[in-house]
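Below: one structure, written as structure tokens.
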Amino acid sequence: MGALAATLVLGTAAPAVAESGSYRDPADAAASLNDVRRVDVAHQQGPLRVRVRVSDLRAISDAGPASLALWVDTDRTTRGPDLRLATGLQSGTDYQLVRTVGWKATSKPLTCAHSVRLRPGKDVAVLRLSRACLGDTDAVRVAVLMVDEYDASHPVRDWLGARRSFTPWLDRG
């Protein structure tokens, strides 16, 4: 009986835990106030939450326009991201979520619940995508790109990690 009880206890799977990850990026876009420094991703039962810290986020900037794009891959069986949430990095800018194939937009803006909150005092942009936006997926990975166009002839591009690289897959739990 004792062996059976031990088997039952040891054989029981632990409850699933939502995953999160924090990914640092080097100071490699010094020509921009918006150099990506760290990305925190929380993949949970509720919305996907991505927090992007930049070097100096300003509500109003004389340094020209800058934008941020978050690509979300929801399907391990296909190549590339499935969604892109893009936003400006100054107060009053708009944002939009679209479906993608091969890193290119393939849909009109989606209407599922999503949001962008710029927090200049904390140098952070917080992006959220509801479960309805993500579809029926248990794992995601993300890619992040900041583009600063102060000098449009030489835009500064700063990827989290290498160009078009993703974080590891994170399970929802």
Contact list, first residue from region 114-132 and without any contact (Cβ under 8 Å) to a residue 24 or more places away in the chain and among the aliphatic types (A, V, I, L, M), second anywhere and surrounded by fewer than 22 Cβ atoms within 10 Å (Cβ to Cβ) and not in a strand (DSSP E or B), beta-carbon distance below 8 Å, six or more apart or interchain, is Ala132/Cys112; Ala132/Ala113
Could you say which residue among Ser61, Ser32 is assigned to a loop (DSSP other than H, G, I, E, B), among the polar types (S, T, N, Q) and either touching a strand residue (DSSP E or B) at 6+ places or on another chain (Cβ under 8 Å) or under 25 Å from Ser107 (Cβ atoms) (or both)? Ser32
Identify, please: which residue in region 37-67 is of a type in the set (Val, Ile, Thr) and within 12 Å of the chain's Cα centre (by Cα) and is, among those, surrounded by the most Cβ atoms within 10 Å (Cβ to Cβ)? Val52
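Residue-by-condition table, conditions (1) surrounded by fewer than 17 Cβ atoms within 10 Å (Cβ to Cβ); (2) touching a Gly at 6+ places or on another chain (Cβ under 9 Å); (3) assigned to a loop (DSSP other than H, G, I, E, B):
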site: Arg117; (1), (2), (3): yes, no, no
site: Ala125; (1), (2), (3): no, no, no
site: Cys133; (1), (2), (3): no, no, no
site: Asp136; (1), (2), (3): yes, no, yes
site: Leu145; (1), (2), (3): no, no, no
site: Ala152; (1), (2), (3): yes, yes, yes
Hits in region 29-55 (condition: under 21 Å from Glu149 (Cβ atoms) and either of a type in the set (Asp, Glu) or out of contact with any Leu (no Cβ under 9 Å at 6 or more places or on another chain) (or both)): Ala29, Ala30, Ala31, Ser32, Asp35, Arg37, Arg53
For region 68-99, which positions are touching a Gly at 6+ places or on another chain (Cβ under 9 Å), under 26 Å from His154 (Cα atoms) and surrounded by fewer than 18 Cβ atoms within 10 Å (Cβ to Cβ)? Asp94
Within region 134-159, of all residues that are of a type in the set (A, V, I, L, M) and closer than 16 Å to Ala30 by Cβ, the one nearest to the chain's Cα centre (by Cα) is Met146
What is the one condition in (1) more than 19 Å from Trp159 (Cα to Cα); (2) touching a residue at least 12 places away in the same chain (Cβ under 8 Å) that Pro65 does not satisfy? (1)
Subset tally (residues that are out of contact with any Gly (no Cβ under 8 Å at 6 or more places or on another chain), within 14 Å of Val50 (Cα to Cα) and not aliphatic (A, V, I, L, M)) for region 154-168: 1
Which numbered condition Ala6 fails, given (1) outside any loop (DSSP other than H, G, I, E, B); (2) at pLDDT 95 or above: (2)
Within region 23-36, the residues that are surrounded by fewer than 15 Cβ atoms within 10 Å (Cβ to Cβ) and touching a residue at least 60 places away in the same chain (Cβ under 8 Å) are Asp28, Ala31
Based on what the data block shows, is Ser165 out of contact with any Asp or Glu (no Cβ under 8 Å at 6 or more places or on another chain), closer than 21 Å to Val36 by Cβ, assigned to a strand (DSSP E or B) and among the hydroxyl-bearing types (Ser, Thr, Tyr)? no
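The values are calculated or read from the model by the stated rules, or taken from the named source; none is laboratory data. Just so you know, these numbers come straight off a predicted model, no measurement behind them. Cβ coordinates were reconstructed from backbone atoms using ideal geometry, including for glycine residues, and neighbour counts include every protein chain displayed.
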